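Since every read-out is calculated from the coordinates, none of them should be taken as a lab result. Every value quoted in this text rests on a predicted model; they were computed, and no experiment measured them. As a convention, Cβ positions derive from the backbone with ideal geometry for all residues, glycine included, and neighbour counts pool all protein chains shown.
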Amino acid sequence: MVEIVLRKGKEKAPLQRHPWVFSGALDKLKGKPNDGEVVKVFASDGEFLAYGHFNSKSRVAVRLLDWNEDAIINTNWYEARLIQAIALRATILTTQTDTCRLVFSEADFIPGLIVDKYADFLSVQILSAGINSVKDNILHLLQKHLNPKGIFDKSDATARTHEGLTTASELLFGEQPPEFLAVKENGINYHINISEGQKSGFYCDQRENRAILSSFAKGKKMLDCFSYSGGFSLNALANGASQVTSVDSSALALNTLEQNIHLNNFDKTKLNVIQSDVNKQLRAFKETGELFDIVVLDPPKYAPSRSALDRAARAYKDLNRLGMLLLEKGGLLATFSCSGAVDMETFKQIIAWAALDAGKEVQIIRQFSQPEDHPIRISFPEGEYLKGLLLKVL
Ligand code: SAH
């Protein structure tokens, strides 16, 4: 096995069990590892640090796997971690929910692998050269432990390009999932399209937050911005919302939302679907003077990196200011950010700034996070990306 020695002073992160070693931290390579190969990483003084997957093409040159020198990174090693990840989801998968994230990469101690379960199908993302090199073993383990009808590769194209891997979107095993696959979450039925949907078909990281928000929805008029296939809208209707308006720019997302209304036998006269840019639509509502009891803002990632933070902060502020202005006095704003670069403290500051601009008093009545199928590994804060606030706007 090829041994890699780090530069003096670059040991801190691996010693704190952070799983990434950047290419600039490497000093000596005692051999020539292939991309995806397991290497042994040492501190500059020769102390063993960890085993990891090497990739010469990635900014993250080594993704650390195990800090125990006696470990053997073989099929059994992956199997033990996979079993542990599946066990963590045992309480999520019930008769009411058949869809969740089963493996969340670094946060589940298998850097480079994401597995989502959609009813009887699995969607995988292979995001590192290391996992790519053991893809067949992983597929075999997924079949053995989960017995899926089919496994689809829905790897995030940009992440794969950064790893020097070609993009992928193909059936890896079993049956092709139907064009519209029926799944269930919180007792609500959804159609998802694994091969064409955004991200990987469904945003299961909002499962708990949808349920929490819906408990405030009875008899209320709600505006669901960035609705996608209707996660927040449908939960609110199921809990007795009087009227829901869903706004998204994607026709495919809104078509799916309309199918989902049917699937659940909800009263379609209670739903109003608008295909538009949210910022434009919020301004249009402001002009007509239409107000809501609840506004949901669940935008896409505005800050893909730290360098985009300033611009993103202004975009979040403006969006939230408009959201606040469309509420009845005492209404609720459920506002989210899925940008890893915006932490909760920063998000609160942005919201405070929006409230000042809107001339509103605001109370935080709940704080939202990501659920246990998107765990946050304490040594890997980058994995904490979803945050949100439920605000009472006076
Ligand atoms: N709330 C959703 C997930 C939102 S994902 C759920 O519970 O499932 C973000 C959504 O924002 C996507 O559906 C995307 O089509 C939409 N979107 C992105 N930019 C937009 C814009 N400027 N205006 C309207 N919708 C937008």
With +1 on the Cβ of every Lys and Arg and -1 on the Cβ of every Asp and Glu, the dipole magnitude of the stretch 75-174 about its Cα centre, in debye rounded to the nearest 20, is 140 debye
Pop the C-beta distance of Met1 and Ser305 into the FRET formula with R0 = 25 Å and round what comes out to the nearest 0.05. 0.15
Among Ile114, Leu127, Thr97 - extreme Cα towards positive end, dipole of the stretch 75-174, charges at beta-carbon: Thr97
Suppose every K and R has +1 on its Cβ and every D and E has -1 on its Cβ; what is the size of the dipole of the chain about the Cα centre, in Debye to the nearest 20? 840 debye
Given 10 °C, 1.306 mPa s and a Kirkwood radius over Cα pairs, the Stokes-Einstein diffusion coefficient of the stretch 1-150 in µm²/s is 98 µm²/s
Against the longest principal axis of the chain, how steep is helix 135-146, in degrees 0 to 90 to the nearest 10, with axes from Cα atoms? 60 degrees
Under a plain spin-label model, where a point goes 7 Å from the Cα along Cα-to-Cβ, how far apart in nm are Asp277 and Asp357? 1.6 nm
Spherically averaged projected area of the stretch 203-393 from its Cα convex hull (nm²): 10.5 nm²
Asn68 and Lys184 label points (each 7 Å along its Cα→Cβ direction) are spaced in nm at 3.8 nm
Among Gly359, Ala253, Phe232, which residue has its Cα positioned farthest towards the positive end of the charge dipole of the stretch 203-393, with +1 placed on the Cβ of Lys and Arg, -1 on the Cβ of Asp and Glu, and the dipole taken about the Cα centre? Gly359
Please report, in whole Å³, the volume per residue of the convex hull around the C-alpha atoms of the stretch 1-52. 72 Å³
May I ask for the distance between the Cα centers of the stretch 114-152 and the stretch 211-233, given as a whole number of Å? 32 Å
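Estimate the FRET efficiency between Leu252 and Ile365 by the formula 1/(1 + (r/R0)^6), using the beta-carbon distance for r and 35 Å for R0, to the nearest 0.05. Let's see the in-between values first.
Working: r = 34 Å, r/R0 = 0.97.
Calculated value: 0.55.
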So what are the ³J(HN,Hα) numbers for the stretch 321-334, from phi and the Karplus equation (6.51, -1.76, 1.60; θ = phi - 60°), rounded to whole Hz, Gly and Pro as x? 4, 5, x, 5, 6, 9, 9, 4, 4, x, x, 10, 10, 9
Which listed residue (Ile73, Leu171, Tyr302) has the Cα farthest towards the positive end of the charge dipole for the chain, taking +1 on Lys and Arg C-beta and -1 on Asp and Glu C-beta about the Cα centre? Tyr302
Hey, what number do you get for the chain at 222 nm if only DSSP H runs of n ≥ 4 count, each worth -39500 (n - 2.57), divided across all residues, to the nearest 500? -8500 deg cm²/dmol
Using 0.36 nm times the number of residues separating Glu328 and Leu29, minus their current alpha carbon distance, what extension gain do you get? 101.3 nm
Greater than 20 Å separation of Cα atoms is the criterion. Which listed pairs, Lys360/Lys392; Lys221/Lys392; Lys184/Lys218, meet it? Lys184/Lys218
Based on the Cβ-Cβ distance of Lys12 and Lys149, what FRET efficiency does E = 1/(1 + (r/R0)^6) give at R0 = 51 Å, to the nearest 0.05? 0.65
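Taking only the C-alpha atoms, wrap a convex hull around the chain and report its volume per residue in Å³ as a whole number.
135 Å³
If you take the alpha carbon radius of gyration of the stretch 175-270 and divide it by 2.2 N^0.38 Å, what ratio comes out, to two decimals?
Scaled against compact globular proteins, the figure is 1.01.
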Can you give the % of DSSP beta bridges in the chain that are antiparallel, to the nearest 5? 65 percent
Contour minus Cα-Cα span, His262 to His162, at 0.36 nm per residue, comes to 31.9 nm
Could you give the alpha-carbon Rg of the stretch 75-174 over 2.2 N^0.38 Å, rounded to two decimals? 1.02
Which order do the peptides 221-233, 36-48 take when ranked by the mean count of other beta-carbon atoms within 10 Å per residue, highest first? 221-233, 36-48
Candidate lysines - alpha carbon under 16 Å from Lys10, same-chain residues fewer than 8 apart omitted: Lys28, Lys40
Explain nothing, just compute: Karplus ³J(HN,Hα) = 6.51 cos²θ - 1.76 cosθ + 1.60, θ = phi - 60°, for every residue of the stretch 105-121 in order, whole Hz, x for Gly and Pro. 6, 3, 5, 10, 6, 10, x, x, 10, 10, 10, 10, 9, 10, 6, 8, 10
